[in-house]
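Encoded as structure tokens, the structure appears first; notes follow it.
Just so you know, all these numbers are worked out from the coordinates, no wet-lab data involved. Keep in mind it's a predicted model, so treat the numbers as computed, not measured. Heads up, the Cβs are rebuilt from the backbone with ideal geometry, glycines too, and the neighbour counts pull from every protein chain shown.
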Amino acid sequence: MIVAEIHSLEGGCFCGAVRYRLKTPPMFVNCCHCRDCQRQTGSAFVINGVIEADRIELLKGKPEAVSMPTESGRPHDIYRCPECRIALWSDYGRRPMRFVRMSTLDDAAAFAPDAHIFTRSKLPWVRLSEDIPAFDIFYDMKTQWPADSLKRREALLGQGK
Ligand SMILES: [Zn+2]
Ligand SMILES: [Zn+2]
């Protein structure tokens, strides 16, 4: 959900060795409160913008994939700056889709999450606003994602995936 005038969809790691630009806004923005995201960030949640891998243009440097073990066994690679090791995006399932850590954008306030997910493990002191839907685990994509975004996802992954 775009909440501010977007001046730039550029972002980068902390040290500046990796810079990127999103060619378009993401399909959807999840704020994930699952335990994996909490542990992997050391924070309360992570804000993931779901976007086609080829819509991330690298302007400088090249992030390195670090594979995370998962309960499901599905691959989860976190792409990190080779210098400062800050995480820029994730690849779940080795599909042509990335989950960009939206606070690495220069304009971190440009997007609000479209949904809160895995709120069953949300930290108790985090209070959610009522204008963003929240889900214990996950949601039905067909009812939550905008039609345009569903089309983009279908074009990328095919129907019913
Ligand atoms: Zn860096
Ligand atoms: Zn998560």
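For the stretch 76-149, take the convex hull of the Cα atoms, compute a quarter of its surface area, and give me that in nm², please. Mind dumping the intermediate values first?
Values: hull surface 28.0 nm².
Spelled out: convex hull of the Cα atoms, projected over all directions, averaged, 7.0 nm².
Compute the whole-percent fraction of alpha carbon pairs in the stretch 1-149 spaced more than 23 Å apart.
On the way: 3722 of 11026 pairs.
Tail of the P(r) past 23 Å holds 34 percent of the pairs.
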Arrange the peptides 147-156, 113-122, 134-143, 90-99 so that the one whose residues have, on average, the most other Cβ atoms within 10 Å appears first.
-> 113-122, 90-99, 147-156, 134-143
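Within 9 Å, Cβ to Cβ, of LEU9, how many net charges do the neighbouring residues add up to if Lys/Arg are +1 and Asp/Glu are -1?
Overall, the nearby charge balance is -1.
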Report, for the stretch 70-161, the % of DSSP beta bridges that are antiparallel, rounded to 5.
-> 90 percent
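Can you tell me which of 57-64, 10-17 comes out highest on packing, and rank the rest after it, using the mean Cβ neighbours within 10 Å?
10-17, 57-64
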In bins 10 Å wide, starting from 0, what share of all Cα pairs of the stretch 1-79 does each bin hold, as a percent?
-> 15, 42, 38, 5
Summing +1 per Lys or Arg and -1 per Asp or Glu among the other residues with Cβ less than 13 Å from TRP145's Cβ gives 0
